[in-house]
Amino acid sequence: MNVDIAIVGAGPAGLCLARSLADTGLSILVIEQQAQQTLQEPSFDGREIALTPRSVRILKELGIWQRLGPADIAPLRSARVLNGTVARGLHVVPTHGDEAELGFLVPNDRIRRAAYASVEQEPRITLACGITVEQLALDGPLARLSLSNGAEVSAQLVIAADSRFSKLRRDAGIAADMHDFGKTMLVCRMALEKPHHGEALEWFGHAQTLAVLPLRNDEASIVVTLPPDEMRRLMAMDDDAFNAEMRRRFNHRFGDMRLVSTRHTYPLVGVYARRFMARRFALVGDAAVGMHPVTAHGFNLGLRGVQTLAALICRANSSGRDIASVDLLRSYQRMHRRATWPLYAATGAIVAMYTDDRPIARHARAALLHASQALPPVRHAIAHALAADDHRRFRLRRHRS
Ligand SMILES: Cc1cc2nc3c(=O)[nH]c(=O)nc-3n(C[C@H](O)[C@H](O)[C@H](O)COP(=O)(O)OP(=O)(O)OC[C@H]3O[C@@H](n4cnc5c(N)ncnc54)[C@H](O)[C@@H]3O)c2cc1C
């Protein structure tokens, strides 16, 4: 089989990229190891994705946003960062009137379902589900893939969107810097007795990090980060014990808390590929940049990379140039590194500082939150890292406890 572009991985990044290229006339093959039924009806995985206004614009342009129902979208009106026992902390609010939101929360499975539906009927896109890539060869005039069903595919360009633990990245000989934070993140939905007022809460407590992401109907996505052995204890609790434990960990801030979903855990590993391209080969999504979820930017940056790469391919294709030239792929690499590296590095620094429980680190982060009010560069960095990709839209307020 011969195609113009083969995309490996039909996660949100791979599907959004396929959708971005659907009108180019190029033939596109998307290869995914999961069954088609799982892509059509993905199950809840605990992740509520905080989308920035920029990501919402991209999803609208792709016709994916319009496929979400109103019940899938929850507005994020403000965010608060707490350190230790401080009760009010740093407050991030939109600057353009009371109507503006910082962003929107959408369940990951709803994004995946909408992205799949947007490509399912596209005549130039072929979906090969339940199939893995066994071998990648980049030494010939075209890139070649050997698939688990015995098929051989040649393509002008292979794009790996096969997760932060990308096999294709390794097969292409691209090294990646990986950082295992040694912690596990639990995500689930809970009903809260006291209202959240549409405000996200990031609470760097002692020996734990907690977050509340506001959803509809006084429900919230609860995010708890703990060492793996403590997390195993939490996961083993029955619902009643878990509810009581959450109420205690959140210091009764939201009154009674009641589990309304399954619980899901994720190991925290950050990944940054040393290169985003090789000959006739590119990385997108988490395969290029796998962010720590604390700043809620993994998919936002993935979408940005998809937009950058798709625009370069569309431009080359419409002017009859090679869609996989070294120059084109280098431009993508340069632009996407510039867009992602500062945030990736800032996120790593924030996580290191906020999960260090030594007294000196606690004082340092209290000082950082204080400085953020007074010093524009610090304010800029925190707003950029914690709130959204367009820091000019947001204002920070600091409250004394
Ligand atoms: C707890 C949590 C909360 C998060 N919150 C946010 C947030 O608020 N905001 C945000 O922007 N991001 C957030 N993220 C990050 C976001 O979920 C990821 O960035 C996004 O899902 C990555 O999409 P992807 O398509 O690159 O990779 P994935 O979703 O990992 O998809 C990869 C796909 O490739 C397939 N695949 C893998 N290997 C092969 C192979 N060899 N052959 C064929 N198919 C293969 C897999 O089956 C999968 O379908 C969060 C992540 C976590 C864990």
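The values are calculated or read from the model by the stated rules, or taken from the named source; none is laboratory data. From a predicted model like this one, the values you see are computed outputs, not experimental measurements. Note that we place each Cβ from the backbone using ideal geometry, even for glycine, and neighbour counts take in every protein chain shown.
List of remarks:
- Filter result for A128 (aliphatic (A, V, I, L, M) and within 12 Å of the ligand (Cβ to nearest atom)): yes
- Matching residues in the stretch 150-184 - criterion: being small (G, A, S), within 11 Å of the ligand (Cβ to nearest atom) and farther than 25 Å from D322 by Cα: S163, S166
- Residues of the stretch 215-253 that turn out to be among the aromatic types (F, W, Y) and modelled with pLDDT of 95 or more, as a count: 1
- Candidate set: the stretch 29-47, residues that are within 12 Å of R113 (Cβ to Cβ) and within 12 Å of the ligand (Cβ to nearest atom); chosen: the one surrounded by the fewest Cβ atoms within 10 Å (Cβ to Cβ): D45
- Listing of strands (runs of 3 or more DSSP E) fully contained in the stretch 1-118 that carry 2 or more residues being farther than 19 Å from G298 by Cα: 2-8, 28-32, 78-83, 90-94
- Residues considered: L26, L21. Of these, the only one that is within 30 Å of N2 (Cβ to Cβ), in the same structural domain as P123 (by TED's automatic domain parsing), crowded, with 24+ Cβ neighbours inside 10 Å and away from the ligand (no atom under 12 Å from the Cβ) is L21.
For (1) free of Cβ contacts under 8 Å to residues at least 40 places away in the same chain; (2) of a type in the set (V, I, T), each residue gets a yes or a no:
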{"site": "R247", "(1), (2)": "yes, no"}
{"site": "R258", "(1), (2)": "no, no"}
{"site": "V284", "(1), (2)": "no, yes"}
{"site": "A287", "(1), (2)": "no, no"}
